[in-house]
Amino acid sequence: MEAVKCVCSPPSQPPQPTFCFVFLLLVLGSSFLAADARDTILPGDGISGNQTLVSKNGEFELGFFAPGAGIHRFLGVRFKKMPTTSPTFWVGNRVPITDLSAAALEVFRGSLCIKEAGTSLWCSSVVGDGPSPLAAADAAAAVLLDNGNLVVRDKANSSRILWQTFDCPGDSLLPGATLGFVRETGSNVSMTYMDYPHNGSISVDQSRRNGFVLTTDGLDTLGTFPDWMVTSQENGSSLLLNLPDPNVTEFLQFHLGQVSLLRWSEDSAAANKSGWVARWTFPSDCKSSGFYCGNFGACKSNGKCSCLDGFEPSYPVEWGLGYFVTGCSRSLPLSCEANGQTEHDDSFILIDKLQGLPYNPQNDLAQSDGDCKQACFSKSYCVAYVYDSGCKLWYYNLYNLSFATKPPYCKVYVRWGSKLRAKKGLHTRVILLLVAAFVAMVSMILILALLWRYRRDLFTRRRSEVEGSLGFYSYGQIKKATRNFSDKLGEGGFGSVFRGTMPGPGSTVIAVKNLKGSGHADKQFRAEVQTVGVIKHTNLVRLLGFCVKGDMRMLVYEYMCNGSLDSHLFSERSSLLNWDRRYQIALGIAKGLAYLHEECEDCIIHCDIKPENILLDEEFCAKISDFGMAKLLGREFNSALTTIRGTMGYLAPEWIYGLPITKKADVYSFGIVLLEIVSGRRTTKRLKSGSHRYFPLYAAAQVNEGNVLSLLDSNLEGNANIKELDITCRVACWCIQDEVNDRPSMGQVVHMLEGIVNTEIPPIPSSFQNLMEGENGSIYSDEGLSFS
């Protein structure tokens, strides 16, 4: 029997929409079975909209459910009779449904298909013995079984299972499901968990009775399920999770480094507003597991978990029930970045008397304690550091914190936000703060008096504070600074850009963007002020201020003396960018996008990443510009439906298909820009010869063949770091994958380019396979066409 690859993929944090089926375990309030409830989908008779399947025993319900407030629904299974106070559990990734009335679940030729408005978003594979796919369109049916398993099976032979959700458990396993080898489908089932940058799995260890291997970031821990919990089958190659007693609800939950059997308790629900209690846990205490207390949780000398100072339980109710693996969260967030580095009013608190160092430190080249601290400051994702015979940094998470009862002791410095430090130090510094405030007020009065006295001789910016430090400029100031708009730098669909000099100390050189078109100009004006106007980063162009006069809208930026990236890549008149500069430019763009996507209060999707919108300063440092099409996405949302915007040739497939947009749309555009940085050519231009006329397809094929030098700009004459070139090309091809979930995040891209993580060879995107030599698709002919 042929082994089958599971079509579901493990969940990520936060979960990203992908074209893969989801099996959702959701706990909601009690309800009664409808009179017309059914448990089966037959060919030509699916469910749609808010219709559901209900298992014959009335315990499980399948349908398109919303996990919370938002525009998306997902196909899933939930306990039908559970109270609304129960938490939500995910199994697998989600296929988003934005229009419930157009959603449908159907069976065709042995496959289960999720559709929206007649378009198939996902279809299951056909597994097991026999022909595949089934010849007859009506040869299979889907049934929701009494154990919550959704099974697609042959109508003529009900014992032949073509596909089932129990083969794709993700991080949760229902009783009646099997770990290990499944004879009916040929699958080898394991539980999986992903929380970047960590991942884990649980698989059967056939060499030991009821044995399993819990893997965390490639490190194995051997465990054993108790006899009352599982039943060994197939000579130990599979373990069946036993059914609980009647009227008892349980399931197996896998978290990073820990697995627990959770049971629903009515008494606990009434007393603590949470009904899930851990009946069995491996590892069983914090002294035997570095992950037992979760992220930023510490194991005390008495064997109990506690949060570090400045942190609090992420889910206090679960902590009250003795389930600590969900860890701790910051009481207050870190400061936002400024000039590419986190503001230095963040601080570090010493955590000492530790038994060893936390899990997974990263070595840094810093040569002193001060340099090590600065290295951590310079990375927004650095959460702790220590300098002891070398600099060690911790990124994103802090696991395996355990206090020692006797020497030797270890220590680390954990990052605090400035607001938290100020709050905790308020009582001891209140007098100093009052004195400082008084001095500042007196100084301000003196400064204002001097400015008023010499106001006729000074030509300084008349400014009112808007969105932080943005300046308001009068039309007269702009006109004088640009010498009546005489030095035009460029012109586009948005309007014109003029160079100017603002008088004052240092005589600041500026670039003034004069937006045209009243309606569109106002929309772009507001978009730029609301995004780049309130953030600062070394790889984002700095907005100094603005001018409003009638219908006129102007934006004042810092001037970039080396112009835009496209002028250096595609113009024969510009100086040649050597490989080192290209690589640093690519890394700078990636860091800027990572900041927009992952570090700001709201996720900012740029929506128009292309070389024309990458500016270069005097040191060729990349600055992302032109936020007129940017989309702000609250952290509680993963995606948004919006009108198409951007430039053809750089648009991700989801724009074209009208699907919800995520930050991965920027990742796709970045991948195209990477290919252009490497090759020095427009990707939208046909190749003159060869079997692949579309350059990204040619690039993907060459990367798979290991021939990355063929992609390098011929003007460089082969002068490039081959390792960096190979990584860059691999990253580019990962970024332009068809499916959103196959593309890396920009934070991952930064790590790939910096060499922190390995970059595997990516597959050739399936959509590229359809591009044949001689086709006249619009992908070649719409160069420069923009949407907004």
Tell me which of these GLN584 doesn't satisfy, since it passes every other one: (1) modelled with pLDDT under 90; (2) of a type in the set (S, T, N, Q); (3) not in a loop (DSSP other than H, G, I, E, B).
(1)
Only one of these is within 34 Å of the chain's Cα centre (by Cα), open to solvent by less than 40 Å² (accessible area, probe 1.4 Å), more than 30 Å from GLN748 (Cα to Cα) and aliphatic (A, V, I, L, M): VAL189, VAL182. Name it.
VAL182
Neighbours by Cβ (under 8 Å, 6+ apart or cross-chain): first from segment 305-334, on the phi < 0 side of the Ramachandran plot; second among the hydroxyl-bearing types (Ser, Thr, Tyr) and in a helix (DSSP H, G or I):
LEU321/SER268
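Okay, residues lined up against (1) open to solvent by 40 Å² or more (accessible area, probe 1.4 Å); (2) out of contact with any helix residue (DSSP H, G or I) (no Cβ under 9 Å at 6 or more places or on another chain); (3) at pLDDT below 90; (4) not hydrophobic (A, V, I, L, M, F, W, C):
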| site | (1), (2), (3), (4) |
| --- | --- |
| PRO744 | no, no, no, yes |
| PHE768 | no, no, yes, no |
| GLU783 | yes, yes, yes, yes |
| PHE787 | yes, no, yes, no |
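Please specify each residue of segment 194-246 satisfying the condition of being among the acidic types (Asp, Glu) and either over 30 Å from VAL750 (Cα atoms) or free of Cβ contacts under 8 Å to residues at least 40 places away in the same chain (or both).
Passing the criteria: ASP205, ASP220, ASP227, GLU234, ASP245.
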Looking at VAL703, VAL708 in this structure, which one is more than 22 Å from LEU651 (Cβ to Cβ) and surrounded by 17 or more Cβ atoms within 10 Å (Cβ to Cβ)?
VAL708
Which members of segment 602-623 meet the condition of being open to solvent by less than 40 Å² (accessible area, probe 1.4 Å) and within 20 Å of the chain's Cα centre (by Cα)?
CYS603, ILE604, ILE605, HIS606, CYS607, ASP608, ILE609
Could you please let me know if GLY519 is surrounded by fewer than 16 Cβ atoms within 10 Å (Cβ to Cβ) and modelled with pLDDT under 85?
yes
Please go through segment 332-356 and pick out each residue that is open to solvent by less than 60 Å² (accessible area, probe 1.4 Å) and at pLDDT 85 or above.
PHE348, ILE349, ILE351, LEU354, GLY356
Please determine whether any residue of segment 362-373 is surrounded by fewer than 20 Cβ atoms within 10 Å (Cβ to Cβ), under 22 Å from the mean Cα position of the chain (by Cα) and at pLDDT 90 or above.
yes
Can you find even one residue in segment 428-450 that is within 33 Å of the chain's Cα centre (by Cα), modelled with pLDDT under 85 and either crowded, with 19+ Cβ neighbours inside 10 Å or not charged (D, E, K, R) (or both)?
no
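To keep it simple, each residue is scored yes or no on (1) assigned to a strand (DSSP E or B); (2) in contact with a Lys or Arg (Cβ under 7 Å, 6 or more places away or on another chain); (3) under 24 Å from LEU112 (Cβ atoms); (4) open to solvent by 10 Å² or more (accessible area, probe 1.4 Å).
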{"residue": "PRO169", "(1), (2), (3), (4)": "no, no, yes, no"}
{"residue": "ASP227", "(1), (2), (3), (4)": "no, no, no, yes"}
{"residue": "ASN235", "(1), (2), (3), (4)": "no, no, no, yes"}
{"residue": "LEU239", "(1), (2), (3), (4)": "yes, no, no, no"}
{"residue": "ASP245", "(1), (2), (3), (4)": "no, no, no, yes"}
Selection from segment 633-663 of residues that are of a type in the set (A, V, I, L, M), more than 18 Å from HIS597 (Cα to Cα) and open to solvent by less than 40 Å² (accessible area, probe 1.4 Å)
MET648
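The values are calculated or read from the model by the stated rules, or taken from the named source; none is laboratory data. Quick caveat, the model's predicted, so the values are computed rather than measured. Using ideal geometry, Cβ is built from the backbone for each residue, glycine included, and neighbour counts are taken over all protein chains shown. With ligands, DNA and RNA removed, areas are computed over all heavy atoms of the protein, side chains included. Shrake-Rupley method; radii C 1.70, N 1.55, O 1.52, S 1.80 Å.
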